[in-house]
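Report on the following structure.
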Amino acid sequence: MPRLLTIEKPLLLKVLYYLNLQELLQLAETCPQLQDFIYNNPFVWNSHVLFPFNDSRITDTFIQQLVPKITRHYGIRKLKVIQLPLSWLGYLYIFDQFAHTVDHIQIKTKLTVLQDLVHHLTIFASNLIVLQQDNHIPITFRQYCVDAPFYYQVLSDHHFFGNQTVAQITKLFFTTATNSNSGNSSSSSSNRENDTNDNLGFSQLDDPPFERLVQWTVGCTDHLRLNQNGGDSIDSVVTQLEALVSFLAGRQVTAIIDQSTPATTTHSPSSSTTTMPSSSSNSFYIMTGQKRSQDQLESTNRQRQRLVSPSLHTSSLYV
């Protein structure tokens, strides 16, 4: 048995508290007993150790390998994912592990990633509605990540609300949230929400994934608040995210725009690398950075090829 494990657990937890994420993962690799203690102890995983700011080593691959190992618990109340090289995929894997416990999520990333989040959260939320209407078990964020094209196709086959684009469905969520907030002041909040959702074909989720979330802070690292080129501004993207997240939380979530100046320094990548899964893997990777407003809900092979692409680059890991 490692000598560290002979220390009383409260004292050992105090020692682990002062380790950063890299040191913690390296310690977990030294022996099975320490690995079991670290990954299965909820007191090890606090907000201060997860997802270090502006660390280029925290990639989608890193998140997919780390996050499922961490025991699920209610100790993490705030998530900070600031200036990390993650696509929508990495964020949804994080949500899958921590959505049930956090009351505040802070994200700061590129505008294209925020747009991708809007796109995929729209499809995810719409599938939850379809499954609930059909009295089926809801999907998880992880299930969506594993086969996003399938759930996209579900909406195409379902002719979801008669709309042909994902952007139009996003507008429905926005309209629902807007009408719920600006309803007749003489009506109760719950009545306004139910009436609005019924009018649009929505219904409150029986088991919202963001069950405790009350605040959502979003920052953009590469765009001004107002886009002079006529595209989406950070304001409009945050508004769309607020509507989607509020629906997934089953309550109105306060959205705040982080206007702090982006930092430019980054950590040096680790020397060890792991190649992303090939196209034969069970995981699919959606191309990021595309304009989402023209994604038609149609069942053509060309459309699926536009959305699905294996990732070919390598990603650095800590250990």
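Go through the range 42-89 and report how many residues are β-branched (Val, Ile, Thr), touching a Phe, Trp or Tyr at 6+ places or on another chain (Cβ under 7 Å) and over 20 Å from TRP216 (Cβ atoms).
3
Search the range 230-241 for residues that are modelled with pLDDT under 90 and pair each with any residue that is outside any helix (DSSP H, G or I) and not basic (Lys, Arg) when their beta-carbon atoms are under 6 Å apart and the residues are at least 6 apart or on different chains.
Short answer, once both residue conditions are applied: SER233/LEU226; SER233/ASN227; ILE234/CYS220; ILE234/HIS223.
What's the number of the condition ARG77 fails, among (1) surrounded by 14 or more Cβ atoms within 10 Å (Cβ to Cβ); (2) touching a His at 6+ places or on another chain (Cβ under 8 Å); (3) not small (Gly, Ala, Ser)?
The failed condition is (1).
Might you let me know whether the range 187-205 holds any residue that is at pLDDT 85 or above, in the same structural domain as ASP103 (by TED's automatic domain parsing), of a type in the set (Ser, Thr, Tyr) and assigned to a loop (DSSP other than H, G, I, E, B)?
No.
Go through the range 125-145 and report how many residues are part of a helix (DSSP H, G or I), among the aliphatic types (A, V, I, L, M) and either exposed (fewer than 15 other Cβ atoms within 10 Å of the Cβ) or at positive phi (or both).
Residues meeting the conditions: 0.
Filter the range 80-108 for residues that are hydroxyl-bearing (Ser, Thr, Tyr) and out of contact with any Gly (no Cβ under 8 Å at 6 or more places or on another chain); which is surrounded by the fewest Cβ atoms within 10 Å (Cβ to Cβ)?
Among those that are hydroxyl-bearing (Ser, Thr, Tyr) and out of contact with any Gly (no Cβ under 8 Å at 6 or more places or on another chain), it is TYR93.
Looking at the range 1-45, which of the residues that are surrounded by fewer than 15 Cβ atoms within 10 Å (Cβ to Cβ) and of a type in the set (S, T, N, Q) is farthest from ARG57 (Cα to Cα)?
The extreme case among them is THR6.
Conditions tested, residue by residue: (1) more than 18 Å from ASP206 (Cβ to Cβ); (2) in the same structural domain as GLN83 (by TED's automatic domain parsing); (3) hydroxyl-bearing (Ser, Thr, Tyr).
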{"site": "VAL113", "(1), (2), (3)": "yes, yes, no"}
{"site": "LEU121", "(1), (2), (3)": "yes, yes, no"}
{"site": "LEU131", "(1), (2), (3)": "no, yes, no"}
{"site": "ILE139", "(1), (2), (3)": "no, yes, no"}
{"site": "TYR151", "(1), (2), (3)": "yes, yes, yes"}
{"site": "LEU155", "(1), (2), (3)": "yes, yes, no"}
{"site": "PHE160", "(1), (2), (3)": "yes, yes, no"}
{"site": "LEU172", "(1), (2), (3)": "yes, yes, no"}
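Within the range 73-126, can you find the residues that are over 27 Å from LEU172 (Cβ atoms) and among the charged types (D, E, K, R)?
ARG77, LYS78, LYS80, LYS108
Return yes when PHE210 is at pLDDT 95 or above, assigned to a loop (DSSP other than H, G, I, E, B) and either crowded, with 21+ Cβ neighbours inside 10 Å or in the same structural domain as THR175 (by TED's automatic domain parsing) (or both) and no when it is not.
Here the answer is yes, as PHE210 does meet what is asked.
The values are calculated or read from the model by the stated rules, or taken from the named source; none is laboratory data. Predicted model, so just to flag it, every value in this text is computed and none were measured. Cβ sites come from the backbone with ideal geometry, for glycine too, and all protein chains shown count toward neighbours.
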